[in-house]
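A.B. asks: Okay, handing you the structure first.
The values are calculated or read from the model by the stated rules, or taken from the named source; none is laboratory data. For clarity, every value in this text was computed on a predicted model and none was experimentally measured. Here the Cβ positions follow ideal geometry from the backbone for every residue, glycine too, while neighbour counts run over all protein chains shown. Accessible surface is based on the protein model in full, side chains and every heavy atom, while ligands, DNA and RNA are left aside. Shrake-Rupley method; radii C 1.70, N 1.55, O 1.52, S 1.80 Å.
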Amino acid sequence: MTVASERTDLYPSRTATEVTIPRKDPVVWSPQDAPGPITRSDLQSYDENGFLAIEELITPEEVGVYRAELDRLVADPLIRADERAVVEPKSEKVRSVFEIHKISEVFAGLVRDERLLGRARQILGSDVYVHQSRINVKPGFGASGFYWHSDFETWHAEDGLPRMRAVSVSIALTENYDTNGGLMIMPGSHRTYVGCNGVTPKDNYKRSLQMQDAGIPSDEVLTEFADRHGIRLFTGKAGSATWFDCNAMHGSGDNITPYPRSNVFIVFNSVENAAEEPFAAPVRRPEFIGARDFTPVR
Ligand code: 6CS
Ligand code: FE
């Protein structure tokens, strides 16, 4: 067992100075002609941009099933009282429910679905396990968004993922308009790592899942990134999905419309990249946020 001090940290962050370094890992870990649901040209586009938008990953009927399950979970007082439920800072409405692939048979089936599992394996070039799953309700009338960040920066610093060998999929369960707080990604930003300054407070997750402040790039870096890469807003019908690389710079705005922007969000990590000790945090986050069960999804 290597102790933290002996480890090489390829992606230092949460130090006194902000750094930007070139990515040291492939984006697509399997050979270009690897079998799987993603076409060769889509795989190349994912490699280049760090994301892949799919117009209809699940059918309208399936959207109905998952929406009903989301509504059931959010309405359950036991779930609301559970630590896996995160509420909106202002309205106290449920904002997210974590580890849904464990608490819901319906969502457990989704992570095993070949349309998800096959794509994750093709991108990561190995068996995969679920590092994190959540439903985001993003209700109307004021749900707050997420400021710009790289998920990998958090998953490396706080959950101990050593390499950039994880992929997220966000499946829309309500229509994503250009007005109700949709996901924004900077295309190509996944090829540069931003090591942020600022130390990770203990129990950071209690705040960061409502409003992230540790691991936030500076205005200067974000301006340079936006000028270089641009910003793409993802809109689409319920059932559409966005796959994005763990290091893509992304965020979302507040939702002040009456229309919720609900999605299910699943993070697949390679079994070759299993979580170690945090690289820049005093303690591990709870397992419902950063999984420690590395059993491959079958
Ligand atoms: O800290 C995390 O793991 C979560 N936070 C954000 C803002 N995005 C990714 C992830 O779900
Ligand atoms: Fe994120």
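A.B. asks: Before we move on, is GLY140 modelled with pLDDT under 95, more than 15 Å from ligand 2 (Cβ to nearest atom) and either open to solvent by less than 10 Å² (accessible area, probe 1.4 Å) or farther than 21 Å from SER270 by Cβ (or both)?
C.D. replies: Values: modelled with pLDDT under 95: yes; more than 15 Å from ligand 2 (Cβ to nearest atom): yes; either open to solvent by less than 10 Å² (accessible area, probe 1.4 Å) or farther than 21 Å from SER270 by Cβ (or both): yes.
In short, yes.
A.B. asks: I've got another one for you. Is it the case that some residue within region 14-21 is modelled with pLDDT under 95, open to solvent by 30 Å² or more (accessible area, probe 1.4 Å), among the basic types (Lys, Arg) and not in a helix (DSSP H, G or I)?
C.D. replies: no
A.B. asks: I want to confirm something. Restricting to region 100-134 and keeping residues that are β-branched (Val, Ile, Thr) and open to solvent by 40 Å² or more (accessible area, probe 1.4 Å), which single residue is farthest from ligand 1 (Cβ to nearest atom)? Lay out the reasoning, then the answer.
C.D. replies: From region 100-134, those β-branched (Val, Ile, Thr) are 100, 103, 106, 111, 123, 128, 130; that's our starting set.
Subset that is open to solvent by 40 Å² or more (accessible area, probe 1.4 Å): 103, 106.
Working: ILE103: 16, VAL106: 20 Å.
Checking each candidate, the answer is VAL106.
A.B. asks: Only one residue in GLU61, GLU55 is in contact with a Ser or Thr (Cβ under 6 Å, 6 or more places away or on another chain), at pLDDT 95 or above and surrounded by fewer than 14 Cβ atoms within 10 Å (Cβ to Cβ), so which one is that?
C.D. replies: The conditions single out GLU55.
A.B. asks: Looking at PHE279, PHE294, PHE288, PHE268, which is the one that is part of a strand (DSSP E or B), touching a residue at least 60 places away in the same chain (Cβ under 8 Å) and in contact with a helix residue (DSSP H, G or I) (Cβ under 9 Å, 6 or more places away or on another chain)? Quick ask: steps written out before the conclusion?
C.D. replies: On the way: PHE279 fails: part of a strand (DSSP E or B); PHE294 fails: part of a strand (DSSP E or B); PHE288 fails: part of a strand (DSSP E or B).
Within the list PHE279, PHE294, PHE288, PHE268, the selection yields PHE268.
A.B. asks: Consider region 219-262. How many of its residues are polar (S, T, N, Q) and either open to solvent by 30 Å² or more (accessible area, probe 1.4 Å) or without any contact (Cβ under 8 Å) to a residue 12 or more places away in the chain (or both)?
C.D. replies: At the first step, the residues of region 219-262 found to be polar (S, T, N, Q) are 223, 235, 240, 242, 247, 252, 255, 257, 262.
When the remaining residues are screened for being either open to solvent by 30 Å² or more (accessible area, probe 1.4 Å) or without any contact (Cβ under 8 Å) to a residue 12 or more places away in the chain (or both), the result is 223, 235.
Residues flagged as polar (S, T, N, Q) and either open to solvent by 30 Å² or more (accessible area, probe 1.4 Å) or without any contact (Cβ under 8 Å) to a residue 12 or more places away in the chain (or both) within region 219-262 amount to 2.
A.B. asks: Let me ask you something else. Considering only region 72-90, I want to know if a residue exists there that is open to solvent by 20 Å² or more (accessible area, probe 1.4 Å), assigned to a loop (DSSP other than H, G, I, E, B) and at positive phi.
C.D. replies: no
A.B. asks: Within region 184-201, identify whether any single residue is open to solvent by 10 Å² or more (accessible area, probe 1.4 Å), within 13 Å of ligand 1 (Cβ to nearest atom) and of a type in the set (Gly, Ala, Ser), and answer yes or no.
C.D. replies: So far as region 184-201 goes, no, none of its residues is open to solvent by 10 Å² or more (accessible area, probe 1.4 Å), within 13 Å of ligand 1 (Cβ to nearest atom) and of a type in the set (Gly, Ala, Ser).
A.B. asks: How many residues are outside any helix (DSSP H, G or I) and farther than 15 Å from ASN136 by Cβ when one looks only at region 91-108? It would help to see each step written out before you state the result.
C.D. replies: As a first pass, look at region 91-108 and keep what is outside any helix (DSSP H, G or I): 91-99, 104.
With farther than 15 Å from ASN136 by Cβ added as a condition, the list becomes 92.
Summing the residues that are outside any helix (DSSP H, G or I) and farther than 15 Å from ASN136 by Cβ in region 91-108 gives 1.
A.B. asks: Is it the case that ALA68 is among the small types (Gly, Ala, Ser), outside any helix (DSSP H, G or I) and over 19 Å from the mean Cα position of the chain (by Cα)? Walk me through it before giving the result.
C.D. replies: Details: among the small types (Gly, Ala, Ser): yes; outside any helix (DSSP H, G or I): no; over 19 Å from the mean Cα position of the chain (by Cα): yes.
When the stated conditions are applied, ALA68 does not pass them.
A.B. asks: Still on this structure: Please find, among ASP178, ASP151, the residue that is open to solvent by 10 Å² or more (accessible area, probe 1.4 Å), in contact (Cβ under 8 Å) with a residue 40 or more places away in the chain and near ligand 1 (Cβ under 10 Å from one of its atoms).
C.D. replies: On the way: ASP178 fails: near ligand 1 (Cβ under 10 Å from one of its atoms).
From the options ASP178, ASP151, the qualifying one is ASP151.
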